[in-house]
Structures are given as structure tokens and as C-alpha cells.
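The values are calculated or read from the model by the stated rules, or taken from the named source; none is laboratory data. On a predicted model such as this, the values are computed, not experimentally measured, just so you know. Cβ sites come from the backbone with ideal geometry, for glycine too, and all protein chains shown count toward neighbours.
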Amino acid sequence: MKNQINKPTLNISVFGTKLKVIRVGKSPRLIDSAEANIKVNRIHSHFTCEAFFITEGSLRIVTDIERTTYERGVVIIPPHIGHYTLPKGDGCFCLLFSIEGENRIREKLGEGICKIPMSDDVEYCIKALSRKSDEGTALSEKDAELFATLIFNQLICAIDPDIGKKHPSVAESKHIGAIETYINNNLQKKITLSDVASQVYLSKRQIARILQKEYGCTLSQLVTEKKLASAKMMLKDTDMKIGEIASSVNLGAENYFYLLFKKKYGVSPLRYRKQTKKPD
């Protein structure tokens, strides 16, 4: 990821906590590990928190009182702690962030350097944020804001596990709407987790988890439900043949559509049409 120090700040809100996030990427502060004889004047500090996302390799953090090597995970350095960093490998991303006002998250982060486990979702989002930051378009900035929200949603839950129980996830609710819109607009196609994930910028695992949480079903089950509901409307409001309707919502051959429809609604497609068709 390129140096993002001059990129505009992302202003996000997670669980009622407002944050300012600056994308740093692989900046000059991530000194090449070949520099073995680092001098003391390399040590620096920030007025903001500094989060390192270690997806592969390792990162050594040196302060006045300790030298610790961290592997896969998220390491957060609070403000005003003098340090320098030595990465090993090419899998380390950096974000600076500040928290508005006094709250529990700020207090917990002020206790010293902390490490949070790196979930697959956070890894996906930080890499996607890197790609979107490099694009530099208005649309990519909106996507970057969403990725940052998803990242800090998980980080704040890890720092303060009780907070997620008190506040709904705004980022997740936005994604539910995006998932619904994509499915509704593509009922005539075969829809896969990969299709949805690429359209709403989430991992397949995230999509599956959201659907299970919100609908209690898999993507395949939800898509089939929506296709049957669409077919039901066409049976009632159009004169299309049964086979044409099955084909238009991509539910396979007419016989298979017949079985699915009867299982769902208790009557055959033709019987349903006869029951609901208004006389001319």
C-alpha cells in the first residue's frame, strides 16, 4: 500500500463513538528491518492512536521500556508513547486514529500497547481499504469510509465487549440494504456468495454471517424465497406461461419450479393462478 499520509481524514461513527481515521499504509515510519543499528532519535510518538494490522510476517515494536515482536494481529499504540517499528515481511498496514470526547474506549486504550486478534473479516477489510485508498476516486472514498467503519466496529467490540450489546451496528444495517438491493435486481440470474461479496465489498464469510443473523437462512435459501415470491406475483398479474415464469426467475426447468412452488405455497402454480386470476 502506498503512503497515505496526505489522504483526507475519514470521519466515522461506531457504536456512538466518533473517530477520525488517517490512512498511513507502509509509511517511512515502518523502517526496513535490515537497519539493525537504529539510533534512539528514531523514536517518535503521536497525538493519535496508531494501529498496525499485521496480516503476515511480524512487527517489532521498541519503546523506552520494552522490545516486543508481534505476529498476526492488530497492535494499537496509544498517544504519547515513544516507539519505533521494525517489520519483517510485507503484510503490515497502518492507520492513525483519534477518538472524540472522553469515553470508555479512550480510557481502555490509554492503559498501554494492546494486541487484538486479527479476524478474517478485519484482514479482508484492511486490504480492501488499501486498494480503495489507492484508487482515489469519490466512489472509492465512500467505500473506504465503509471499510474503516467495519474495521473499527470489530476493534471496539474487542476492546470493550459490552459495547456491542448496547448499540446497533450502523455499518451492518447499510450492508443489509445493499445485499437486498443486489438480490432484488438480479433475480433472473444465478446469484452466488462471490457475486454478492464483490458488489457490496464484503467477504463471503461476512455475507453468510449477516444473512444468518438477519434472516436465519443461507443465501441460496433467501434467493429462492425471493424468486418464488416474484414468480407468485407474475402468476397473478401476467399471462406468461408457467415455463416462461420459471425461466424468467432462473428457477430451472418447469417441473422443478412446480415442485418448489407447491412445497412453499401448498398449491401448484396453475392452481394458484386459477384461484387468484381476476375475471376479465
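Please pick out the residue among ALA208, ALA253, ALA197 that is surrounded by fewer than 18 Cβ atoms within 10 Å (Cβ to Cβ), among the hydrophobic types (A, V, I, L, M, F, W, C) and under 30 Å from VAL122 (Cα atoms). Talk me through it step by step, then tell me what you get.
Working: ALA253 fails: under 30 Å from VAL122 (Cα atoms); ALA197 fails: surrounded by fewer than 18 Cβ atoms within 10 Å (Cβ to Cβ).
Unique residue meeting the criteria: ALA208.
What tally of residues in segment 211-225 results from selecting those that are out of contact with any Phe, Trp or Tyr (no Cβ under 8 Å at 6 or more places or on another chain), of a type outside the set (S, T, N, Q), surrounded by 12 or more Cβ atoms within 10 Å (Cβ to Cβ) and in a helix (DSSP H, G or I)?
Total meeting the criteria: 6.
Touching a Cys at 6+ places or on another chain (Cβ under 8 Å) and at pLDDT 85 or above - does that describe any residue in segment 221-239? Outline the logic, then answer.
Of segment 221-239, the ones touching a Cys at 6+ places or on another chain (Cβ under 8 Å) are 225.
Restricting the remaining residues to those that are at pLDDT 85 or above gives 225.
Within segment 221-239, one or more residues are touching a Cys at 6+ places or on another chain (Cβ under 8 Å) and at pLDDT 85 or above.
Residues of segment 244-260 being of a type in the set (A, V, I, L, M, F, W, C) and under 21 Å from ASN185 (Cα atoms), which ones? Don't jump to the end; show me each part of the working.
The first filter runs over segment 244-260 and keeps only residues of a type in the set (A, V, I, L, M, F, W, C), leaving 245-246, 249, 251, 253, 257, 259-260.
Within segment 244-260, ILE245, ALA246, VAL249, LEU251, PHE257 meet the criteria.
Condition test on ILE191, is it in a helix (DSSP H, G or I) and β-branched (Val, Ile, Thr)?
Values: in a helix (DSSP H, G or I): no; β-branched (Val, Ile, Thr): yes.
No: the conditions fail for ILE191.
Which one of ILE176, ILE183 is outside the structural domain of THR17 (by TED's automatic domain parsing), modelled with pLDDT under 80 and either in a helix (DSSP H, G or I) or out of contact with any helix residue (DSSP H, G or I) (no Cβ under 6 Å at 6 or more places or on another chain) (or both)? Walk me through it before giving the result.
Details: ILE183 fails: modelled with pLDDT under 80.
Going through ILE176, ILE183 in turn, the sole match is ILE176.
Can you tell me how many residues within segment 241-280 are hydrophobic (A, V, I, L, M, F, W, C), part of a helix (DSSP H, G or I) and either out of contact with any Phe, Trp or Tyr (no Cβ under 8 Å at 6 or more places or on another chain) or touching a residue at least 40 places away in the same chain (Cβ under 8 Å) (or both)? Talk me through it step by step, then tell me what you get.
Quick first cut of segment 241-280, residues hydrophobic (A, V, I, L, M, F, W, C) only: 242, 245-246, 249, 251, 253, 257, 259-261, 267, 270.
Cutting the leftovers down to part of a helix (DSSP H, G or I) gives us 242, 245-246, 257, 259-261, 270.
If we keep only those that are either out of contact with any Phe, Trp or Tyr (no Cβ under 8 Å at 6 or more places or on another chain) or touching a residue at least 40 places away in the same chain (Cβ under 8 Å) (or both) as well, we get 257, 259-260, 270.
The qualifying residues number 4.
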